[in-house]
Every structure is written in structure tokens, then in C-alpha cells.
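K.L.:
Encoded as C-alpha cells, here's the structure I'll be asking about.
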Amino acid sequence: MACAQTGSGKTAAFLLPILQQLMADGVAASRFSELQEPEVIIVAPTRELINQIYVEARKFSFGTCVRPVVVYGGVSTAHQIREVSRGCNVLCGTPGRLLDTIRRGKVGLSKLRYLVLDEADRMLDMGFEPDMRSLVGSPGMPSKENRQTLMFSATYPENIQRMAADFLKPDYLFLAVGVVGGACTDVEQTFVKVTKFSKREQLLDFLKTIGSERVMVFVETKRQADFIATSLCQEKLPTTSIHGDREQREREKALVDFRSGKCPVLVATSVAARGLDIPDVQHVLNFDLPNNIDEYVHRIGRTGRCGNIGRAVSFFDPDVDGQLARSLVTILAKAQQEVPSWLEEYAFSSPSTASFQNFASTDSRKCPQGRAFKDSSVTSQPPVPAAPEDDDWE
Ligand SMILES: Nc1ncnc2c1ncn2[C@@H]1O[C@H](COP(=O)(O)OP(=O)(O)OP(=O)(O)O)[C@@H](O)[C@H]1O
Ligand SMILES: [Mg+2]
């Protein structure tokens with residue numbers, strides 16, 4: 001179980017040692033067969049993210065006999081299965097399509113040595129937990145003692161850590177770099193107090209000040225994403241959008257246009273909050289704040305990656321975002337950021353709800369009552385149950 005801040009290079013941290021070990025052990029080149037038995041399975045929560053991991057895996061295995069393949073929803077199953085049949089050592093997939101491929105008998109698990117869960121806390125929360133349990137319970141899957149299970153994320157709520165133990169060897173290694181669940185310290189975080197009705201104007205003002213610099217604008221709902229993207233286009237601002245109601249083709253085109261700079265404004269729902277590594281995203285703007293502090297940490301981590309400086313601006317509507325104030329203040333303090341006094345006031349005046357729990361800053365096993373660092377001021381809400389909006393994951 002490994003944790004390090006957003007943009008710090010966790011992908012290479014699991015891909016390189018796995019590939020190196022496969023090579024050292026003389027992995028056999030896979031050949032065409034109706035049934036493939038990969039040595040490695042990597043799962044991630046969104047199509048775009050798993051594709052990005054697949055591309056990295058191809059880069060790192062270039063010139064070797066190791067063949068990575070990717071499967072994910074929203075595109076032709078037949079094509080992906082044909083690709084799998086041509087040979088597969090490293091199978092990257094989103095949970096649904098991966099399980100489908102296994103159930104169709106196209107992929108066997110008897111040779112599996114490494115199972116990687118990227119964005120592991122998301123893979124084990126309520127949305128994906130059943131799929132992950134089906135995966136490890138699939139016929140032929142080596143027991144947890146007989147496979148290496150690797151989990152990576154920048155955030156690990158304590159309850160998820162405890163559940164993760166079901167998937168790992170009893171003496172699993174917990175590796176944390178920096179503050180678990182902490183925001184990337186290379187991101188300058190700013191908060192603007194707004195009202196529901198002033199947000200749109202303030203967004204336009206913000207976009208005018210940054211010119212053609214690249215910005216990801218996060219909103220809460222798919223409808224809101226469409227609405228904002230359309231209204232920005234009407235203002236002649238080159239904008240595209242990504243959310244779960246868009247066709248996969250459109251989602252991929254949106255990322256291509258954003259990466260190339262053709263559309264330097266990308267309006268996104270939480271589907272783009274985790275893992276995506278897009279160079280030169282100078283800004284993240286939370287038009288709507290998320291209702292969960294971990295989600296905030298991942299969103300602002302789309303900028304300030306790999307040692308670069310980034311900027312995150314968040315619109316704070318006291319009527320809606322009050323419950324997040326306390327966690328935000330702690331996140332800001334931990335990342336050595338200035339805390340606005342008005343935000344602090346909201347934090348102290350907001351009622352302390354029982355649903356608040358401590359962030360796990362360390363290995364939850366090390367705490368006698370199973371609670372990690374009780375004295376912590378960092379608070380995290382439990383993961384939000386899969387809301388209707390969550391269906392755009394995967
Ligand atoms: N040793 C390195 N030297 C230079 N660049 C690196 C190194 N390792 C990784 N990178 C680059 O850093 C960027 C961020 O890496 P990566 O996407 O793996 O971060 P991450 O820790 O997985 O972040 P997140 O939590 O957002 O998923 C990538 O562009 C990657 O190529
Ligand atoms: Mg990552």
C-alpha cells in the first residue's frame with residue numbers, strides 16, 4: 001500500500017519494478033491464443049486513466065517481449081478482445097470491461113503475479129468494491145498470499161485502509177511519502193467567496209486574466225458541465241468538456257484538444273479528477289467545490305505536477321460548501337498555504353458532525369484501536385456513496 005502526493009510519479013513506481021522483475025525472471029513472449037494468461041493486471045477507475053497507464057506501460061516495455069494491452073468500456077469489445085488474443089502480459093483495464101473479458105473466457109488468471117490497483121481508495125470505495133471482490137474471487141485468481149497486490153493513491157481514508165487489508169498479504173508493506181491525503185505542496189491554493197449567482201461572471205473574469213493558459217474547470221454535474229462549456233464557447237473562449245454522458249469518442253477528442261492547446265479550457269466532472277497527467281495545466285478552477293476533501297486533493301493535483309508550480313482557485317459558496325471548510329483549512333495548513341481568515345471563521349462556526357473522521361496519516365495497523373493518529377487536525381469525510389453522478393466513472 002503506497003501513498004505519495006499527486007503528480008509525484010506513482011505510475012512509474014509500480015510499472016518499472018514490475019517490468020524489471022518480469023524481465024529478470026525471463027518472462028516468455030506471449031503468442032496468439034484465444035486464452036491469454038497475463039502476468040500482470042492493472043485496474044484504474046476511469047477509461048482515460050487506464051489508457052494513460054497503458055501508454056506508459058508500452059513506453060517502458062518498448063523493445064522487450066512484454067506486451068501490454070488495454071480494455072475499457074465505451075468502445076468496441078470485439079476489437080479489444082482481438083488485441084488481447086494477439087498476446088498479453090500486462091492487462092490494463094477498467095473494472096467492468098476487465099471482468100467481462102475474464103468471464104468470456106478470454107483471460108485466465110493462473111499465471112497472474114502482480115495485481116495493481118491504481119487510485120486504490122477509489123477502487124475500494126462503495127462504487128467499485130463489489131467489482132474488486134469479484135475480480136479477486138474469479139476462478140483461477142491466485143490467493144492473496146500467492147500474488148503481489150499493489151495499491152497506489154494520494155489519499156487513503158482510514159476505513160478504506162482497513163478494507164484494503166482483505167486484498168493484501170497479512171504482513172503487507174505500507175509506504176508513505178509525505179502526508180497521506182495531503183495536497184501537493186507545489187500547488188498554490190486560493191479561495192474566492194462567491195454566491196450561486198455570481199459564479200458565472202467570476203469565472204469569465206478569471207478566464208480573461210489567464211489568457212490562453214491551460215485550465216481545468218471542475219463542476220459538480222454533467223448538465224452543469226454542458227451548460228458552462230456551451231456558455232464559454234458562446235463567449236468565444238475555446239472550450240471543451242469531459243463527463244460521463246459524452247460518447248467515449250467525444251471524451252477522448254476533448255482530451256486531445258485540451259492537450260494540444262486547441263481548447264485550453266476543459267470543463268470536467270469528477271471523472272477527470274484523478275490520475276490524469278496532462279502537461280502544462282497551469283490552473284485548476286473549482287467552479288463547484290466537491291463534497292469530499294479527498295476529491296479536492298485529487299482535482300487540484302491535475303496542476304503542479306512533476307515539480308512544476310500550479311495554481312488552484314476554488315469558488316466557495318458558504319451556503320453549499322460550509323461543511324467542507326474545516327477540512328479545507330487543515331489541508332491548506334498542512335500544505336503550508338495561507339488560510340483566509342473568513343474561511344477559518346466558517347471552519348470554526350460549522351457544526352462538528354459525527355460523520356467527520358480522521359485522515360489516516362500513517363499505517364492504520366500501527367494504532368492500537370485501529371484509528372490512525374487521533375490527535376490529527378486533518379479531517380476527512382468518509383467516501384461518498386455512489387451518487388447518480390458517479391455513473392460516469394469507468
Ligand atoms: N523520475 C522522474 N523524472 C521525471 N519525471 C518523472 C519521473 N517519474 C515520473 N515522472 C513524470 O511525472 C509525471 C507525473 O507522474 P504520475 O502520473 O505517475 O503521477 P502520480 O503520482 O501517479 O499522480 P496522481 O496521484 O495524480 O495519479 C508524469 O508526467 C511522469 O512522466
Ligand atoms: Mg497516478
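Taken together, the values in this text are just the output of simple stated rules run on the coordinates, not laboratory data. All values reported here derive from a predicted model rather than from experimental measurement. Quick reminder, even Gly has a Cβ in these numbers, built from the backbone with ideal geometry, and neighbours come from all protein chains shown.
K.L.:
Just the number, please: percent antiparallel of the DSSP beta bridges in the chain, rounded to the nearest 5.
P.N.:
Counting DSSP beta bridges with both partners in the chain, the antiparallel share is about 5 percent.
K.L.:
Explain nothing, just the number: relative contact order of the chain, from Cα pairs under 8 Å at least 6 residues apart, as a whole percent.
P.N.:
Here the relative contact order equals 19 percent.
K.L.:
Then there is this: Under 1.5 on a/c is rounded, so check that first for the chain, then, if it is not, pick prolate when a/b is larger than b/c and oblate when it is not; a ≥ b ≥ c are the square roots of the alpha carbon gyration tensor eigenvalues.
P.N.:
Oblate.
K.L.:
At 222 nm, what value in deg cm²/dmol follows for the chain if DSSP H runs of at least 4 each add -39500 (n - 2.57) and the sum is divided by all its residues, to the nearest 500?
P.N.:
Helices in the chain give a 222 nm mean residue ellipticity of -10000 deg cm²/dmol.
K.L.:
How would you rank 19-27, 70-78, highest first, on the average number of other Cβ atoms within 10 Å across their residues?
P.N.:
70-78, 19-27
K.L.:
Taking the 0 to 90 degree range and rounding to the nearest ten, how far is the long axis of helix 199-210 tilted relative to the main principal axis of the chain, both from C-alpha atoms?
P.N.:
Result, in degrees: 80.
K.L.:
Say the dipole of region 166-278 comes from +1 at the beta carbon of Lys and Arg and -1 at that of Asp and Glu; which of 273, 231, 172 then lies farthest toward its positive end?
P.N.:
231
K.L.:
Now for a different question. Going by average Cβ neighbours within 10 Å, how do the peptides 239-250, 54-65, 155-166 rank, with the highest at the top?
P.N.:
Top to bottom by mean Cβ count within 10 Å: 155-166, 239-250, 54-65.
K.L.:
Which residue, 98, 173, 150, has the most motion in a Gaussian network model of the chain that connects Cα atoms within less than 10 Å?
P.N.:
173
K.L.:
Just to be sure I understand: if I project the alpha-carbon convex hull of region 1-110 onto a plane and average over all orientations, what area do I get in nm²?
P.N.:
Computed as one quarter of the Cα hull surface, the answer is 7.1 nm².
K.L.:
Taking H placed 1.01 Å from N in the peptide plane, check which residues at least 5 places from residue 67 or on another chain put their amide H under 5 Å from its amide H.
P.N.:
Under 5 Å from the amide H of residue 67 lie the amide H atoms of 30, 89, 90, each far enough along the sequence or on another chain.
K.L.:
If amide hydrogens are placed 1.01 Å from N in the peptide plane, which non-local residues have theirs closer than 5 Å to the one on residue 42?
P.N.:
Here the answer is 91, 92, 93, 116, since their amide H atoms fall under 5 Å of that of residue 42.
K.L.:
Hey, got the dipole for the chain? About the Cα centre, +1 on K and R Cβ, -1 on D and E Cβ, debye to the nearest 20?
P.N.:
Dipole about the Cα centre, nearest 20: 1080 debye.
K.L.:
Give me the dipole magnitude in Debye, nearest 20, for region 2-177 about the Cα centre, with unit charges on the beta carbon: positive for Lys and Arg, negative for Asp and Glu.
P.N.:
Dipole size: approximately 560 debye.
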